[in-house]
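Chemist: Pasting in a structure now, in structure tokens, and then I'll have a few things to ask.
The values are calculated or read from the model by the stated rules, or taken from the named source; none is laboratory data. Every value quoted in this text rests on a predicted model; they were computed, and no experiment measured them. Neighbour counts are summed over all protein chains in view; Cβ atoms, including those assigned to glycine, are modelled from backbone coordinates with ideal geometry.
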Amino acid sequence: MTSAPKAAPQTAPQTTLETILRARHSCRAYRQAPVAPTLIEQAVATAARAPSWCNAQPWQLLITRQPETARLAKALHAHAQSAQMQPDLPWPESYSGPYKARRFDYGMQLYDAAAIARDDKEARTAQMLENFRFFGAPHMALITSPRELGAYGALDCGGFVTAFCAALTEAGLGSIPQAAPAGYAPFLRAWFGLPEERLILCTIAFGYSDTSAPINSFRTPRAAPDNLIDWR
């Protein structure tokens with residue numbers, strides 16, 4: 001008796017997760033329409049399924065609505081032009097090798113999309129300062145973690161940030177995680193009356209993307225698995 005012929009391998013359909021992560025990008029221009037609180041709460045609930053060490057779930061969010069976002073953006077933008085940064089966590093010591101190359105390529109894509117010449121330092125500075133206006137987003141989420149959990153609490157929160165941005169994408173929203181505002185941790189801590197025992201990690205600006213804005217038109221490439229995996 002002969003065995004039945006094997007079925008030809010099927011190409012797996014694109015998964016929901018892959019679709020969402022490919023659609024997600026750092027949004028730098030927003031419509032002013034506010035997002036319904038129920039939509040935001042659903043995105044938080046979805047992101048809260050992210051794994052964490054011992055299920056500690058160290059992330060805590062402080063989310064602003066209009067006009068508080070605009071009020072904070074105006075004050076932080078002004079503060080950033082006159083004060084020294086004091087982040088709760090130290091900035092990277094340097095970028096070298098492929099990390100430096102990726103950072104450079106991203107910068108060139110950003111300035112090209114914003115029609116900023118490479119030697120136009122004034123325009124580049126102005127674009128950088130838009131971080132502190134949250135790129136005009138109607139909402140901002142400030143992410144904090146207990147100081148006592150140190151680097152591992154921050155690592156867990158990184159997983160939450162990824163999940164939250166993916167959940168916002170699934171809901172039809174744009175977002176961008178931001179380290180720059182966290183550089184002024186004392187300002188944000190005083191503004192919101194946050195205790196010293198909570199580390200200020202980052203902010204996430206979010207809202208409905210302005211899809212017509214040229215600065216939202218570019219997409220950064222990703223390294224291939226062969227560049228990321230060291231098989232043993």
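Chemist: Within the range 129-146, count every residue that is under 21 Å from A78 (Cβ atoms), of a type in the set (A, V, I, L, M) and touching a strand residue (DSSP E or B) at 6+ places or on another chain (Cβ under 9 Å).
Modeler: So the count comes out to 3.
Chemist: List the pairs whose first member sits in the range 11-38 and is surrounded by 12 or more Cβ atoms within 10 Å (Cβ to Cβ), whose second member is basic (K, R) and at pLDDT 95 or above, and whose Cβ atoms are under 8 Å apart, counting only residues at least 6 apart or on separate chains?
Modeler: What qualifies is H25/R219; P34/R65.
Chemist: Considering every residue within the range 83-99, establish whether at least one is among the charged types (D, E, K, R) and in contact (Cβ under 8 Å) with a residue 40 or more places away in the chain.
Modeler: Yes.
Chemist: On to the next question. Give the residue that is surrounded by the fewest Cβ atoms within 10 Å (Cβ to Cβ), with candidates limited to residues of the range 42-63 that are of a type in the set (S, T, N, Q) and out of contact with any strand residue (DSSP E or B) (no Cβ under 6 Å at 6 or more places or on another chain).
Modeler: In this case the residue turns out to be N55.
Chemist: Within the range 193-232, which residues are in a helix (DSSP H, G or I) and loosely packed, with under 14 Cβ neighbours inside 10 Å?
Modeler: Of everything in the range 193-232, those that are in a helix (DSSP H, G or I) and loosely packed, with under 14 Cβ neighbours inside 10 Å turn out to be P214, P225, D226, N227, L228.
Chemist: For residues that are farther than 20 Å from D156 by Cα, in a helix (DSSP H, G or I) and of a type in the set (A, V, I, L, M), scanning just the range 33-63, find the one that is nearest to the chain's Cα centre (by Cα).
Modeler: Restricting to residues being farther than 20 Å from D156 by Cα, in a helix (DSSP H, G or I) and of a type in the set (A, V, I, L, M), the top hit is I40.
Chemist: Being of a type in the set (S, T, N, Q) and under 16 Å from the mean Cα position of the chain (by Cα) is the filter here, so list the residues in the range 174-229 that pass it.
Modeler: Those that are of a type in the set (S, T, N, Q) and under 16 Å from the mean Cα position of the chain (by Cα): S175, Q178, T203, S209, N216, T220.
Chemist: Out of all the residues in the range 1-18, which are modelled with pLDDT of 60 or more and among the hydroxyl-bearing types (S, T, Y)?
Modeler: The answer is T15, T16.
Chemist: Answer yes or no: is there a residue in the range 19-38 that is of a type outside the set (K, R), at pLDDT 95 or above, in contact with a Leu (Cβ under 8 Å, 6 or more places away or on another chain) and closer than 19 Å to C202 by Cα.
Modeler: No, the range 19-38 contains no residue that is of a type outside the set (K, R), at pLDDT 95 or above, in contact with a Leu (Cβ under 8 Å, 6 or more places away or on another chain) and closer than 19 Å to C202 by Cα.
Chemist: Moving on. Is it the case that the range 139-153 has a residue that's touching a residue at least 12 places away in the same chain (Cβ under 8 Å), surrounded by fewer than 19 Cβ atoms within 10 Å (Cβ to Cβ), of a type in the set (G, A, S) and in contact with a helix residue (DSSP H, G or I) (Cβ under 7 Å, 6 or more places away or on another chain)?
Modeler: Checked the range 139-153: no residue is touching a residue at least 12 places away in the same chain (Cβ under 8 Å), surrounded by fewer than 19 Cβ atoms within 10 Å (Cβ to Cβ), of a type in the set (G, A, S) and in contact with a helix residue (DSSP H, G or I) (Cβ under 7 Å, 6 or more places away or on another chain).
Chemist: To continue, here is another question. Looking at (1) part of a loop (DSSP other than H, G, I, E, B); (2) crowded, with 16+ Cβ neighbours inside 10 Å; (3) in contact with a Pro (Cβ under 7 Å, 6 or more places away or on another chain), which is the one condition that is false for Q66?
Modeler: That leaves (2) as the condition not met.
Chemist: Do we have I116 as touching a Leu at 6+ places or on another chain (Cβ under 9 Å), without any contact (Cβ under 8 Å) to a residue 12 or more places away in the chain and surrounded by 14 or more Cβ atoms within 10 Å (Cβ to Cβ) here?
Modeler: Answer is yes for this residue.
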